[in-house]
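Participant: The structure is given below, and queries will be raised subsequently.
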Protein chains: 2
Amino acid sequence: MTKTTAPRSVPTTVANSTSEPTLKIIPLGGLHEIGKNTCVFEINDEILLLDAGLAFPTASMHGVQIVLPDLTYLRENRHRIKGMIVTHGHEDHIGGIPFHLRQLDIPVIYGPRLAMSLLRGKMEEAGVAHRTEIRTVGPRDIVRVGNSFFVEFIRNTHSIADSFTVALHTPAGLVIHTGDFKFDHTPIDGEHFDLARLAEHGEKGVLCLMSDSTNAEIPGFTPSEAAVVPNLDRVFAQAAGRLIVTTFASSVHRVNIILQLAQKHGRVVTVLGRSMLNVIAQARTLGYVRCEDSLLQPLHAIRHLPDDRVVILTTGSQGEPLSALTRIANKEHKDLQIREGDTVVFSANPIPGNTIAVVNTIDKLMQQGAKVIYGKDRGIHVSGHGCQEDHKLMLALTRPKFFIPIHGEHRMLVKHSETAMSMGIPRDNMVIVDNGDVIELTPTRLGTAGRVKAGIELVDNSREGVVDSRVLKERQQLAADGVVTVATSISDQGRLVAPPEVMLRGVVTTLDPTQLARQLQNTIAQVLQDHWPSVARSFAPGEAPDVDWAGLQTEMETALRRLLRRELKSNPLLIFLLQPVTARGQVGLTASTEGDSDNGTKGRTRRRRTTADPEVASVGF
Amino acid sequence: MTKTTAPRSVPTTVANSTSEPTLKIIPLGGLHEIGKNTCVFEINDEILLLDAGLAFPTASMHGVQIVLPDLTYLRENRHRIKGMIVTHGHEDHIGGIPFHLRQLDIPVIYGPRLAMSLLRGKMEEAGVAHRTEIRTVGPRDIVRVGNSFFVEFIRNTHSIADSFTVALHTPAGLVIHTGDFKFDHTPIDGEHFDLARLAEHGEKGVLCLMSDSTNAEIPGFTPSEAAVVPNLDRVFAQAAGRLIVTTFASSVHRVNIILQLAQKHGRVVTVLGRSMLNVIAQARTLGYVRCEDSLLQPLHAIRHLPDDRVVILTTGSQGEPLSALTRIANKEHKDLQIREGDTVVFSANPIPGNTIAVVNTIDKLMQQGAKVIYGKDRGIHVSGHGCQEDHKLMLALTRPKFFIPIHGEHRMLVKHSETAMSMGIPRDNMVIVDNGDVIELTPTRLGTAGRVKAGIELVDNSREGVVDSRVLKERQQLAADGVVTVATSISDQGRLVAPPEVMLRGVVTTLDPTQLARQLQNTIAQVLQDHWPSVARSFAPGEAPDVDWAGLQTEMETALRRLLRRELKSNPLLIFLLQPVTARGQVGLTASTEGDSDNGTKGRTRRRRTTADPEVASVGF
């Protein structure tokens, strides 16, 4: 077998470089990042998808609500997609599916009951429920996708209920994809990690392990979810007034713990926040959240209760601007205000990037008199992802020949690979890959062979439009330096018809604005004087000249930009509207409401002209 | 004595509410935040300033470089300012001084040698070196400021060399302001915390302690700076290739440690980054950084050296976008590229808010083949601020009657007050205050009495202009939703002179842009039709009508905004240019370059009109 040295280009399909059965694995998201986990498996011209998540925008992605992987490769190969499997119901694993369904044909999606229930809601909301068939699976179920993939679902333990590790039986061999996991030997729901099945596969022979790297930097084992119970119990016991508890809506085990503690301490629970209400409703219907109906009460029903009979379970653990808890902290929640004696519990750690939003929320709650319980040393939160010892146990059970660390930023993948090396897996038997890399796996070899197009698509606040890179760049420029609008009208005799209009928005300057406007106007006049002879080429007296308006516009924009950079010491977006005015016939001015605007394309070489009006001179476009 | 219940208004001077000598303490920055520490002390109509720092912008402060406190109160009371004292040379304590000096008269500034040296450079750069007199002080120096303040400088230990706690001897009593501190009993420079002097004051009687709360949430003592030496030594011993070390430029002790380890391990040191070069140069001149000249080499001089003879000491420990290390990580540094075998050491923890920038930098360095050493568990960084046990020791030594936690976000102030209560200080003997609160301190009483104007001033990237709240709001809107420009010309006969021009920038829409432009145009035409009769009030045939252009503009803007919100489901900034066109006299169009632009004020009721040109019809403004 020879090593493929395919160029780092964008093949539509990747040529098979060997006569052995070759499984191609193409991660489109989830590597060198936490989020939007999306993986493509290909063999015998058939494509199987595993998870389709979303990510959240960084601070510089202005006006972006969610981030998705670039799906170009899948669009180009949509006819080969045989189905999708889903490991569990977190947003970074299922949140992208409605967007996939708008663009791709996915005949069938298999996944656990809770995830499929949450997914169905998302699909209905997005109007794509008819675009695929949803089938739920249980532990040890094996489903066939296409002719080449047999997928076995193996119960694992994670922060959401009903989560799976999957074993992909393929012609190339057995691949185990852990999904998200930790080893929780005392799970809240009694659903143990199916170690037996993992070990059995390990004994028979696992060709390749793809394993969750989220906590690869952290030594030791991740504590069981059960570890938070005594600590939260103490918080419940000590709270004299109302208890306001926030956690991730999807942390079904944590929600169960909180409900049980409320019951134990004689408190009723009011749930706030759309996602929390949604997850609890669906999880209750399916039996993943269990409590008596009377335990859950709407907000208006708890008004008359003593403070120490009340728990408010709310979204907002990450300081999300629109969440219920953030609105309470900002005194913007219409039905709930903090008062002296309230205890607020953050049963979640801030995700990096959210730290400042979270501590600001904590500060505001404290300033209004709440006692706030937060921080890693309180034992009121544990991660849903395994640490280094969990990773070792996974490697020890599955004993894979090849290893691919997944689900993590680059340094986590590196740390996870070091853990695997410490377990005896040779460096040459693992790859650290990026989104878009094409991994080739055969019974004897693991390597990469080229790349497909990969990147991100930014979905805007309407959840429909795509913020392309040009728009994003414009927004970054607008945010940093504002916008300067200059509008001018120039006659086809080469004269300024009126003083140019100048407007600044979001621009900082110590200059006198009138002075700056004057400079901009002078610049326009100067360019006009310098360039008119060359742009009005076929000028003949008494005739409408053939003016290169686009050329004139470009010259003026260049000069104006230079002036703005020099005078403002910044680089605002320049919007320059040049309105050519054609004088013909007799007196006056024409009115025309015919549309001819072109939204954004600034250079225009041809302009439609209106005919002269007997009443007024025509003003052409 | 009666409790003052002054309104939360903005008194220019605060009335004395007692016949006892009353010291007013007015923090203008540094409370409910980390940064821009700025404190005002007032007694007998004299003002003493303590530190004047800056803060850095949050993500939503677009185009802002630094954040300063609102200085309205000091501007209004500038004649009473007798001088300023400075505790140490960190940016959040001296970075605001040049901006103060532009607006205020500060006759004299006292401070430690290193801080004064750094300050002098900043003042020269800002062109305000002539605006005050700088005097350096040493340990146990006492200076008089005005007639009422005697300030004693007490050596403390902190991450920058030459740092002081101050004792303010005032007619009301003795106030100790800790500055920034930890108790480091094995300081790198051998300059011990002057515990004796603190204890002596404690024995004689301290009226009030104002103490640094940065690490109030963390139990235990902060380790000595010396604790990093063996861990960094091990890193130096194990590095096979080049060593690239980053830390805070101002961490003079850390810089000394790194230089000494370089010497020990036979490496020369190249310093990268403007602030690092500046601090090291000044600290060497003053003797705070000590090394042989030959140890420091410019980048070009180390090219021929073996990799294991080289240390590169650089800025960028916080992932700052323009820093040397960030540019190296982004492959944008013209003289230095990462190569296999390099070891990069982050001898600093990320400040919350910088985490993502730092881990992105780490990932990029690793992807280029560097081994990166980072993280809290490596023992290669310690804080310069004391933790809970340091706080207790400070309280135990000074034994104050009253206590004010300072230098921290709200929850840190609360934790620090809890620590003080655990030491026996009654809750009524402390206040948790916000920037702008006026604290009144007498020999028998600590309380608050009203507020002065407090807030923030945002300085833009040019370091000269101020980003006011209107500009910031515009930028936030521009960033989130972009800008729509609509320009239209309307004749004083109430007709559209040409189809309105529409341009979108930074706007996301799934609509056909031509269609949207048509809708905007129709809206303008509709408003014109509906409102012309009412805005063109004194219309008489054959005469120039008296048109309420501002009223028409407002109507059109309202209608256009409503349309945009409905169609785009977002709220872009609307720039609407309405150009009234007056047809008078004979044929053609006039040219005029006279400026009449008003930059930003959109509603205009009066417009200057140009006289008719024999060649063209006049177009008035």
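Read-outs: derived from the displayed coordinates by stated rules, not from any lab. Everything quoted here is computed from the prediction, not taken from an experiment. Cβ placement follows ideal geometry from the backbone for every residue including glycine, while neighbour counts extend to all protein chains displayed.
Participant: Over segment B:444-518, what relative contact order in percent results from Cα pairs under 8 Å that are six or more residues apart? Before the final figure, lay out the partial values.
Facilitator: On the way: 55 pairs, mean separation 15.0, N = 75.
Rounded, it is 20 percent for segment B:444-518.
Participant: Would you work out which of B:THR270, B:HIS253, B:ILE25 lies farthest towards the positive end of the dipole of chain B? Charges go on Cβ: Lys and Arg +1, Asp and Glu -1.
Facilitator: Looking along the dipole axis, the top candidate is B:THR270.
Participant: Moving on. Taking the beta-carbon count within 10 Å as an exposure proxy, list B:ILE134, B:ILE406 from fewest neighbours to most.
Facilitator: Details: B:ILE134 18, B:ILE406 24.
Exposure proxy ranking, most exposed first: B:ILE134, B:ILE406.
Participant: Okay, next question. When each copy gets a label point 7 Å from Cα toward the beta-carbon at B:ARG309, what are the spacings between them in nm, shortest first?
Facilitator: 8.2
Participant: Moving on. Calculate how many DSSP beta bridges within chain A are antiparallel, expressed in % of all such bridges and rounded to the nearest 5. Display every interim value, and only then the final one.
Facilitator: Numbers: 52 of 101 bridges.
Expressed as a percentage, antiparallel bridges in chain A total about 50.
Participant: Dipole of the protein assembly as shown (Lys/Arg Cβ +1, Asp/Glu Cβ -1, origin at the Cα centre): which of A:LEU568, B:LEU496, B:GLY83 lies farthest to the positive side?
Facilitator: B:GLY83
Participant: Related question: Which whole-Hz ³J(HN,Hα) couplings does segment A:57-74 yield from phi under the Karplus relation 6.51 cos²θ - 1.76 cosθ + 1.60, θ = phi - 60°, glycine and proline marked x?
Facilitator: Here the 3J(HN,Hα) series is x, 7, 4, 8, 8, 5, x, 9, 9, 9, 10, 10, x, 5, 9, 3, 4, 6 Hz.
Participant: If you average the sequence gap of Cα pairs under 8 Å that are 6 or more apart and divide by the length of chain B, what percent do you get for the contact order? Don't skip to the answer; put the middle values down first.
Facilitator: Working: 1323 pairs, mean separation 90.0, N = 621.
Reported as a whole number, the value is 14 percent.
Participant: Please report B:LEU114, B:LEU397 as a ranked list, fewest other C-beta atoms within 10 angstrom at the top and most at the bottom.
Facilitator: Details: B:LEU114 25, B:LEU397 22.
Final ranking by Cβ density, sparse to dense: B:LEU397, B:LEU114.
Participant: Same structure, new question: Shortest first, in nm, what separates the label point of B:ARG284 from those of the same position in the other copies (7 Å along Cα→Cβ)?
Facilitator: 7.1
Participant: If the only charges are +1 at each Lys and Arg Cβ and -1 at each Asp and Glu Cβ, what is the size of the charge dipole of the protein assembly as shown around the Cα centre, to the nearest 20 debye?
Facilitator: Details: 134 positive and 136 negative charges, 30 e Å.
Approximately 140 debye in magnitude.
Participant: For a test of the definition: using alpha carbon positions, the gyration tensor, and the 1.5 limit on a/c, classify segment A:63-190 as rounded, prolate or oblate. Before the final figure, lay out each step's value.
Facilitator: Numbers: a/c = 1.77, a/b = 1.22, b/c = 1.45.
The shape class here is oblate.
Participant: Turning to a different aspect of this structure: Just counting partner chain Cβ atoms within 10 Å, what average do the residues of peptide A:405-412 show around their Cβ? All intermediate terms of the calculation are to be shown ahead of the outcome.
Facilitator: Numbers: counts 0, 0, 0, 0, 6, 8, 9, 2.
Average per residue, whole number: 3.
Participant: Other chains near B:452-461: what is the mean number of their Cβ atoms within 10 Å of each residue's Cβ? All intermediate terms of the calculation are to be shown ahead of the outcome.
Facilitator: Numbers: counts 0, 0, 0, 0, 0, 0, 1, 1, 9, 6.
Across the residues of B:452-461, the mean count of other-chain Cβ atoms within 10 Å is 2.
Participant: Let me ask something else about it. How do A:THR165, B:THR442, A:THR558 rank when sorted from fewest to most other Cβ atoms within 10 Å of their own Cβ? Mind dumping the intermediate values first?
Facilitator: Working: A:THR165 29, B:THR442 21, A:THR558 12.
Ranked by crowding around the Cβ, least crowded first: A:THR558, B:THR442, A:THR165.
Participant: Follow-up. In terms of the Cα gyration tensor, with a ≥ b ≥ c the square roots of its eigenvalues, is chain A rounded because a/c is under 1.5, prolate because a/b exceeds b/c, or oblate?
Facilitator: Values: a/c = 2.56, a/b = 1.55, b/c = 1.65.
Oblate, since a/c reaches 1.5 and b/c is not below a/b.
Participant: Another question, if that's okay. So how tilted is helix B:252-264 from the main axis of chain B? Cα-based, degrees 0 to 90, rounded to 10.
Facilitator: 60 degrees
Participant: Sequence gap at least 6, Cα distance under 8 Å: using those rules, report the relative contact order of segment A:36-170 to the nearest whole percent. Spell out each step's value before the answer.
Facilitator: Details: 286 pairs, mean separation 28.8, N = 135.
About 21 percent, as a whole number.
Participant: Angle check, please: helix A:469-481 long axis (alpha carbons) against the longest principal axis of chain A (alpha carbons), in degrees 0 to 90, nearest 10.
Facilitator: Computed tilt is about 70 degrees.
Participant: Taking a label point 7 Å from Cα toward Cβ, how far is A:ASP141 from its twins in the other copies, in nm, shortest first?
Facilitator: 7.8
Participant: Mind checking the dipole of chain A: about its Cα centre, +1 per Lys or Arg Cβ, -1 per Asp or Glu Cβ, Debye to the nearest 20? Before the final figure, lay out the partial values.
Facilitator: Working: 67 positive and 68 negative charges, 63 e Å.
Computed about the Cα centre, the dipole is about 300 debye.
Participant: Still on this structure: Where does helix B:195-204 land angle-wise versus the long Cα axis of chain B, in degrees 0 to 90, nearest 10?
Facilitator: 90 degrees
Participant: List the pairs from A:LYS182/A:LYS415; A:LYS364/B:LYS376; A:LYS36/B:LYS473; B:LYS264/B:LYS331 whose alpha-carbon separation is above 20 Å, in the order I gave them.
Facilitator: Working: A:LYS182/A:LYS415 17 Å; A:LYS364/B:LYS376 28 Å; A:LYS36/B:LYS473 32 Å; B:LYS264/B:LYS331 31 Å.
Violating the 20 Å limit, Cα to Cα: A:LYS364/B:LYS376; A:LYS36/B:LYS473; B:LYS264/B:LYS331.
Participant: Hey, another quick one. For segment A:327-401, run through the trypsin sites (Lys or Arg not before Pro) and keep only the ones in DSSP coil with at most 13 other Cβ atoms within 10 Å of their Cβ.
Facilitator: A:LYS331, A:LYS334, A:ARG339
Participant: Separate question: What does the C-alpha gyration tensor say about the overall shape of the protein assembly as shown? Classify as rounded when a/c is under 1.5, otherwise prolate if a/b is larger than b/c, or oblate.
Facilitator: Details: a/c = 1.56, a/b = 1.09, b/c = 1.43.
Oblate.
Participant: I would also like to ask the following. Nearest 20 debye, what's the magnitude of the dipole of segment B:107-234 about its Cα centre given +1 on Lys and Arg Cβ and -1 on Asp and Glu Cβ?
Facilitator: Numbers: 12 positive and 17 negative charges, 78 e Å.
Computed charge dipole of segment B:107-234: roughly 380 debye.
Participant: Now for a different question. Across peptide A:507-518, how many C-beta atoms of other chains are within 10 Å of each residue C-beta, on average? Intermediate results must be reported in sequence, preceding the final value.
Facilitator: On the way: counts 9, 15, 6, 5, 2, 1, 5, 5, 2, 3, 6, 5.
The shielding value for this peptide is 5.
Participant: Here's another thing I want to ask about it. Tell me which of B:ILE425, B:VAL459, B:ILE439 sits at the most positive position along the dipole axis of segment B:401-478, charges placed on C-beta atoms (Lys, Arg +1; Asp, Glu -1).
Facilitator: B:ILE425
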